[in-house]
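Notes for the one structure printed next.
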Amino acid sequence: MTNSASRTASLPRLTSDSVLIFDLDNTLYPAACDLFSQVSDLIGQYVRDTLKLEPDAAYRVQKDYFHRYGTTLRGLMTEHDIDPADYLAKVHDIDLSVVDPAPDLAQALDDLPGRKLIFTNASRGHAERVMGRLGIADRFETIFDIVDADYIPKPQQQPYDRLLARDGVDPTRAIYFEDMAKNLLPAKDMGMTTVWVNTDIEWAQNGSDDPRIDHQTTDIVDFLRNLATTS
């Protein structure tokens, strides 16, 4: 596969009315940074401490809730009425030194017209810290996080509806960038152009063969540069 490839559609022409919506983790920085493993370890610690479980039992609960509820957080809220703010603060207390500043990404964003939004299943604080580390925080108009979604994660429909309503987004003028292929499918059904950032991570591949994915790339900066040439 080339760095950037069309699948079912030509690149759209952007205007000042366009809206570029970006997932955060493993989309705007390389998946090789592996922040997810840090977060996963802290989630495991949180489950162990909160439910007073041994590591193996806590791991089973963590994964069971993730698969049944979409996030471990949602499972803990439903089954144990935990404080989501406490959870989000603790599981995102990670080392960001593995993320390098991204001046090429910042420039590529600068070269594109239209509004730019972050849409993440993580917390606003986590998003702000990662964006600050990358050097791109001031390129984005707003963040829509898991709290804004009432703790309901992508790819359930409600967060997409809430994002569009809150920020006045016309989905037919929006492009959505995401590393988890299945999270693109509701966006396409709503009328968005979809771009899959393929990281080769196995659990992010689910849905990648769906025709509702318009484009794919292994290099988001390269894709954004190509997109700028059409605008």
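May I ask for the angle, rounded to the nearest 10°, between helix 157-167 and the longest principal axis of the chain, with both axes built from Cα atoms and the value confined to 0 to 90°?
Approximately 60 degrees, to the nearest 10.
Hey, what did region 74-231 get for relative contact order, percent, Cα under 8 Å, at least 6 apart?
18 percent
Under 29 Å Cα to Cα from Lys188, which lysines show up? Leave out anything in the same chain fewer than 8 places away.
Partners within reach: Lys63, Lys116, Lys154.
Ignoring any ligand, DNA or RNA, what whole percent of the accessible area of region 71-190 comes from carbon and sulfur when the probe is 1.4 angstrom?
Working: 2230 of 4930 Å².
Exposed carbon and sulfur together represent 45 percent of the surface.
Placing +1 at every Lys and Arg Cβ and -1 at every Asp and Glu Cβ, with all other atoms neutral, what dipole size does region 46-166 have around its Cα centre, in debye to the nearest 20? Don't skip to the end; give the middle numbers.
Working: 16 positive and 21 negative charges, 58 e Å.
That gives a dipole near 280 debye.
For region 154-231, take the convex hull of the Cα atoms, compute a quarter of its surface area, and give me that in nm², please. Before the final figure, lay out the partial values.
Numbers: hull surface 21.3 nm².
So the mean shadow area of the Cα hull is 5.3 nm².
Per DSSP H run of at least 4 residues, take -39500 (n - 2.57); add these up for the chain, divide by its residues and hand me the 222 nm value, nearest 500 deg cm²/dmol. Walk me through the numbers on the way to the answer.
Values: 9 runs with 95 residues, N = 231.
That calculation yields -12500 deg cm²/dmol at 222 nm.
Whole number please: convex hull volume per residue of the Cα set in region 103-145, in Å³?
Numbers: hull volume 2.6 nm³, N = 43.
Normalising the Cα hull of region 103-145 by residue number yields 61 Å³.
Over region 106-198, what relative contact order in percent results from Cα pairs under 8 Å that are six or more residues apart? Numbers along the way, then the final one.
Details: 116 pairs, mean separation 19.3, N = 93.
Once normalised by length, the contact order is 21 percent.
Is the shape of region 26-102 rounded, prolate or oblate, going by the alpha carbon gyration tensor and its root eigenvalues a ≥ b ≥ c, with a/c under 1.5 for rounded and a/b larger than b/c for prolate?
Working: a/c = 2.01, a/b = 1.97, b/c = 1.02.
Prolate shape, in that a/c is at least 1.5 and a/b is the bigger ratio.
Please report the antiparallel percentage of the DSSP beta bridges confined to the chain, to the nearest 5. Write down the numbers at each step before the final one.
Values: 3 of 21 bridges.
Roughly 15 percent of the beta bridges in the chain run antiparallel, per DSSP.
What does the charge add up to near Leu24, with Lys and Arg as +1, Asp and Glu as -1, over the other residues with Cβ less than 15 Å from its Cβ?
Details: positive: Lys116, Arg124, Arg129, Arg133, Arg139, Lys154; negative: Asp23, Asp25, Asp34, Glu128, Glu141, Asp145, Asp148, Glu178, Asp179.
Counting the neighbours of Leu24, the net charge comes to -3.
Could you tell me which of Thr27, Leu73, Thr193 has its Cα farthest along the dipole of the chain towards the positive end, charges placed at Cβ (Lys, Arg +1; Asp, Glu -1), taken about the Cα centre?
Thr193
Could you size up the charge dipole of the chain around its Cα centre, putting +1 on the beta carbon of Lys and Arg and -1 on that of Asp and Glu, and report it in debye to the nearest 20? Walk me through the numbers before you get to the answer.
Numbers: 23 positive and 38 negative charges, 96 e Å.
Dipole size: approximately 460 debye.
Hey, what D do you get for region 52-141 in µm²/s if you plug the Kirkwood alpha-carbon radius into Stokes-Einstein at 25 °C and 0.890 mPa s? The partial results should precede the final answer.
Numbers: Rh = 15.5 Å.
After rounding, the answer is 158 µm²/s.
Once you list every other residue whose beta carbon is under 12 Å from the beta carbon of Ser37, what net charge do they have if Lys and Arg are +1 and Asp and Glu are -1?
-4
The values are calculated or read from the model by the stated rules, or taken from the named source; none is laboratory data. Remember, it's a predicted structure, so these values are computed and weren't measured experimentally. As a convention, Cβ positions derive from the backbone with ideal geometry for all residues, glycine included, and neighbour counts pool all protein chains shown. Remember, those area values only see protein heavy atoms, side chains included, never the ligands or the DNA or RNA. Shrake-Rupley method; radii C 1.70, N 1.55, O 1.52, S 1.80 Å.
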